[in-house]
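The values are calculated or read from the model by the stated rules, or taken from the named source; none is laboratory data. For clarity, every value in this text was computed on a predicted model and none was experimentally measured. Cβ placement follows ideal geometry from the backbone for every residue including glycine, while neighbour counts extend to all protein chains displayed. These accessible areas exclude ligands, DNA and RNA; they are computed on the full protein's heavy atoms, side chains included. Shrake-Rupley method; radii C 1.70, N 1.55, O 1.52, S 1.80 Å.
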Amino acid sequence: MTPNITPSTASNKAEFYSDLELQIQAVVDGQRNWVTNLANTSAVIYHGLRAITGKPINWVGFYVLDQEAKTSSGAPKEALILGPFQGKIACTNILFGRGVCGTAAAEKRTLLVKDVHEFRGHIACDSATNSEIVVPLILEGRVIGVLDLDCEVTEGFDEVDQAGLETVAKILVGACDWRGVI
Ligand code: SME
């Protein structure tokens, strides 16, 4: 079954994000599987945002909590593992506190990075990336994953993206069955 998504008629980014909210509601309508919903969300954002902004957004996807991550002594370790995405092959494992994704996860807040070369510890999965935004997915106070977008130009994202993507993250957190992640 394909989600019944109404194509966006947006002429600017703010309109795109109000349409996006409805599109993500349609993605999760009758579907609770997190892999399925994160995969379709990545596709909707990647193709939609590239079209409306004309910017070279080169990666849109998710990292989720890695239940298998352990310290050398076998104790559980807070880490993220690559989830569904659109774009080129990406790093698979990121510790909480590392890179933009792990820092957003550890600090439980969105990181809007206008120039990744000025972010100490940025993990360069693709050397073409120059800006990035990472939005945590928070369930009952706990970070269960992050939504990550990369762009090939500096200042690829702004506060409009932040507000829109935070809304998407909230919808997904509430609508998915997170078995396997938590
Ligand atoms: N740049 C990220 C790593 C993930 S990729 O961008 C897909 C980071 O610094 O955490």
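In table form, for the structure just shown:
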quantity	calculated
Filter result for the condition that a residue is closer than 21 Å to Ala43 by Cβ and crowded, with 18+ Cβ neighbours inside 10 Å, over Asp177, Asp148	Asp148
Inter-residue pairs, beta-carbon under 9 Å, first in contact (Cβ under 8 Å) with a residue 60 or more places away in the chain and in region 10-30, second open to solvent by less than 40 Å² (accessible area, probe 1.4 Å) and among the hydroxyl-bearing types (Ser, Thr, Tyr), 6+ apart	Ile24/Thr41; Val28/Thr41
Residue ID - farthest from the ligand (Cβ to nearest atom), chosen from residues in region 60-83 that are open to solvent by less than 20 Å² (accessible area, probe 1.4 Å) and out of contact with any Pro (no Cβ under 8 Å at 6 or more places or on another chain)	Leu65
Residue within region 143-159 that is more than 13 Å from the ligand (Cβ to nearest atom), assigned to a helix (DSSP H, G or I), touching a residue at least 24 places away in the same chain (Cβ under 8 Å) and over 22 Å from Thr36 (Cβ atoms) present	yes
Residue in region 166-179 that is over 13 Å from the mean Cα position of the chain (by Cα) and either over 27 Å from Gln31 (Cβ atoms) or modelled with pLDDT under 95 (or both) present	no
Positions within region 22-38 being over 18 Å from Ile133 (Cα atoms), of a type outside the set (Phe, Trp, Tyr) and assigned to a helix (DSSP H, G or I), in sequence order	Leu22, Gln23, Ile24, Gln25, Ala26, Val27, Val28, Val35, Thr36, Asn37
Selection from region 117-142 of residues that are under 16 Å from Asp66 (Cβ atoms), away from the ligand (no atom under 11 Å from the Cβ) and open to solvent by 30 Å² or more (accessible area, probe 1.4 Å)	Leu139, Arg142
